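The values are calculated or read from the model by the stated rules, or taken from the named source; none is laboratory data. These numbers were taken from a predicted model, which means no experiment stands behind them. So basically every Cβ, Gly included, is an ideal-geometry build from the backbone, and we count neighbours across all protein chains shown. Protein only, heavy atoms only, side chains kept; ligands, DNA and RNA dropped before computing areas. Shrake-Rupley method; radii C 1.70, N 1.55, O 1.52, S 1.80 Å.
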Amino acid sequence: MNIRQAKDYIKNSVNLYLKKDEFGEYRVPVVRQRPIFLLGAPGIGKTAIMEQIAQEMGIALVAYSMTHHTRQSALGLPFITQKSYGGESFSVSEYTMSEIIASVYDTMEASGMKEGILFLDEINCVSETLAPSMLQFLQYKVFGRHRVPEGWIIVTAGNPPEYNKSVREFDVVTLDRLKILEVEPDFRIWKTYAVERQLHNAVISYLDLKKDHFYRMEMTVRGREYVTARGWEDLAEILSLYEDEQLPVDETLVGQYLRNQTVVKEFTAYYDLYNKYKKDYRIEEILSGNPSVHAIARAREAAFDERLSLLGMLLDRVQADMREVMEEAAFLADLKLPLKGIGAAVQGDKAESAAAGQIVSQLEKQAAGRKKQLENLQNANALSDADRKKHRRVISFLEDRRRELLAGESVTGAGAYEFLKEKYSALVARMKRETTGVQDELHALFVFAEEAFAGAGGSSGNEMLILVTELTVDSASAGFIATFGSPDYKRHNEELMLTERSDDIRKQIAELKLD
């Protein structure tokens with residue numbers, strides 16, 4: 001299976017394991033909750049999906065690599081204590097709590113979350129002294145004398161023996177206590193993740209052309225050479241930073257992330273060509289609706305590889321702008337909640353005449369509550385980058401308005417709540433302007449594609465099919481189009497299907513008012 005299928009399977013399993021009956025007992029007893037074992041090549045995203053699952057399910061996550069543990073750290077250290085039996089006192093060996101189990105309790109205390117996932121990576125690489133204890137742990141959720149708290153599901157991961165010399169194969173007795181998911185690399189699934197993460201488009205476009213370079217593990221005369229999904233992601237991140245600093249990208253840099261000489265040479269050459277395309281076609285002019293005659297003529301005559309790279313650049317820019325609008329809409333929908341709470345706290349219809357001091361006090365209270373919520377999610381490792389940014393923006397808005405009211409720069413006395421509403425409305429108005437700009441970009445993209453990529457007799461070529469497909473499968477662009485509309489998209493895809501999520505987003509946008 002691919003990594004997305006594995007993610008869905010794990011989410012379903014966790015959901016079932018956490019189901020309770022009418023008496024509050026887990027319907028699947030702890031001893032029957034088989035740990036899940038993700039078995040797959042290194043660098044395909046096993047750890048990443050665990051973070052996503054915790055974030056999407058709203059539960060905590062504690063992650064450990066078992067290669068870093070000795071028997072003592074995993075099971076606890078012995079100490080001598082005194083116990084009485086039959087009136088006599090005896091010295092007895094006890095054990096401190098396992099570092100792993102203690103981390104679960106620490107997370108519960110820090111986050112307030114009582115349910116979560118304990119993720120143990122490289123579980124088939126444990127030390128020889130720890131190996132015998134793993135069977136007991138996998139069956140009974142016990143390390144030493146201490147049990148994993150109820151409500152915590154165990155997911156494990158490891159590499160097949162051909163990728164890691166330290167791997168020890170589990171015997172049948174151990175395997176019979178696991179739910180084994182064998183995961184294979186899949187570029188199509190990774191691409192969706194890469195686009196949503198806004199990884200460098202040169203990497204995505206290259207792999208669109210060279211899918212067989214996405215994942216490689218081979219033995220050559222130079223030794224083992226490999227390319228992994230993790231390597232591509234890290235390379236994409238560093239390329240963006242290098243460009244920000246205007247540093248040269250060469251084979252030495254690329255080779256630090258892709259350990260295959262053929263792939264390194266080909267990608268470095270493609271990256272140089274990619275930047276040349278970007279300069280020659282003048283992406284900004286195309287998306288502003290003013291492509292040069294030269295750009296249209298060149299695109300018409302270009303080979304498919306060049307067309308695909310050009311389309312990737314254009315999509316990358318438009319989808320990034322769509323994502324910003326959707327993030328802004330999500331932020332404004334979230335910000336509306338504390339602002340309405342402030343209005344309710346200062347007595348509803350009288351909120352308009354509430355004194356600045358009352359509003360300042362409520363702003364402090366709402367900001368403090370949001371900070372605590374953010375802290376709990378961070379402590380539970382259940383916070384996505386997008387949600388972290390959204391929470392921080394809400395806090396920043398509340399604190400900025402508080403400072404302005406205290407300084408008396410904008411309002412004094414009556415009208416403080418009206419001041420908040422005006423600030424909020426200004427953000428909504430700005431988002432609407434940005435939305436119109438992105439809609440214009442999208443229209444310009446379709447017009448250019450119709451002119452430059454038309455097939456014989458003016459019919460749409462493969463590039464238009466790719467364009468519509470990419471806009472459909474990307475969550476941000478699909479959400480943007482479903483919410484704000486696109487006549488061009490609809491015309492090229494008459495079978496447009498709006499998801500329930502898109503309907504929810506549209507409803508939230510319509511309600512961005514503080515009436």
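Taking Cα centroids, how far is region 90-134 from region 265-338 in Å?
Between the Cα centres of region 90-134 and region 265-338 lies a distance of 48 Å.
What accessible area, in Å² to the nearest ten, does a 1.4 Å probe give for Arg491?
Probe radius 1.4 Å; accessible area of Arg491 about 130 Å².
If you take every DSSP beta bridge whose two residues both sit in the chain, what share of them, in percent to the nearest 5, is antiparallel?
Bridges in the chain that DSSP calls antiparallel: roughly 45 percent.
Calculate, for the chain, the solvent-accessible area per residue in square angstrom, rolling a 1.4 angstrom probe over the heavy atoms of the protein chains.
51 Å²
Using amide H atoms built 1.01 Å from N in the peptide plane, name the residues 5+ places from Ile117, or on other chains, whose amide H lies under 5 Å from its own.
Ala60, Leu61, Val62, Ile153
Under the 0.36 nm per residue contour assumption, what length would be gained going from the current alpha-carbon distance of Asp176 and Glu324 to full extension?
On the way: separation 148, 0.36 × 148 = 53.28 nm, distance 4.75 nm.
Stretched out fully, the Asp176 to Glu324 stretch lengthens by 48.5 nm.
Report the gain in length on full extension from Glu184 to Ala110: 0.36 nm times residue separation, minus Cα-Cα distance, nm rounded to one decimal.
23.1 nm
Sequence gap at least 6, Cα distance under 8 Å: using those rules, report the relative contact order of the chain to the nearest whole percent.
After rounding, I find 15 percent.
Carbon and sulfur: what percent of the chain's accessible surface (1.4 Å probe)?
49 percent
Within the chain, which complete DSSP H helices have Cα atoms spanning at least 24 Å along the helix axis and a mean Kyte-Doolittle hydropathy of -0.5 or higher?
Values: long enough: 261-281 (30 Å, -1.15); 304-345 (61 Å, 0.30); 356-379 (34 Å, -0.99); 385-407 (33 Å, -1.30); 416-452 (54 Å, -0.22).
Those that pass (Cα extent of 24 Å or more, hydropathy at least -0.5) are 304-345, 416-452.
Points 7 angstrom from Cα along the Cβ direction at Lys340 and Glu128: gap in nanometres?
6.4 nm
Which number comes out as Rg/Rh for the chain once both Rg and the Kirkwood Rh are worked out on C-alpha atoms? Intermediate values should be presented prior to the final figure.
Numbers: Rg = 27.9 Å, Rh = 26.9 Å.
Using only Cα positions, Rg/Rh for the chain is 1.04.
What distance in nm separates the two pseudo spin-label positions at Tyr140 and Arg197, each 7 Å out from Cα along the beta-carbon direction?
4.0 nm
Mind giving me the nanometre distance, one decimal, between the label points for Thr96 and Asp400, set 7 Å out from Cα along Cα→Cβ?
Once both label points are built, they end up 4.7 nm from each other.
Determine how large the accessible area of Val428 is when every protein chain is in place; take a 1.4 Å probe and give Å² rounded to the nearest 10.
Here the residue's solvent-accessible area equals roughly 10 Å².
Using 30 Å as the Cα-Cα cut-off, could you pick out the over-long pairs in Lys179/Lys210; Lys210/Lys278; Lys11/Lys490; Lys340/Lys490; Lys179/Lys390; Lys210/Lys389? Don't skip to the end; give the middle numbers.
On the way: Lys179/Lys210 34 Å; Lys210/Lys278 20 Å; Lys11/Lys490 34 Å; Lys340/Lys490 36 Å; Lys179/Lys390 36 Å; Lys210/Lys389 34 Å.
Result: Lys179/Lys210; Lys11/Lys490; Lys340/Lys490; Lys179/Lys390; Lys210/Lys389 exceed 30 Å.
Let me have the relative contact order for region 1-158, percent, based on Cα pairs under 8 Å that are six or more residues apart.
30 percent
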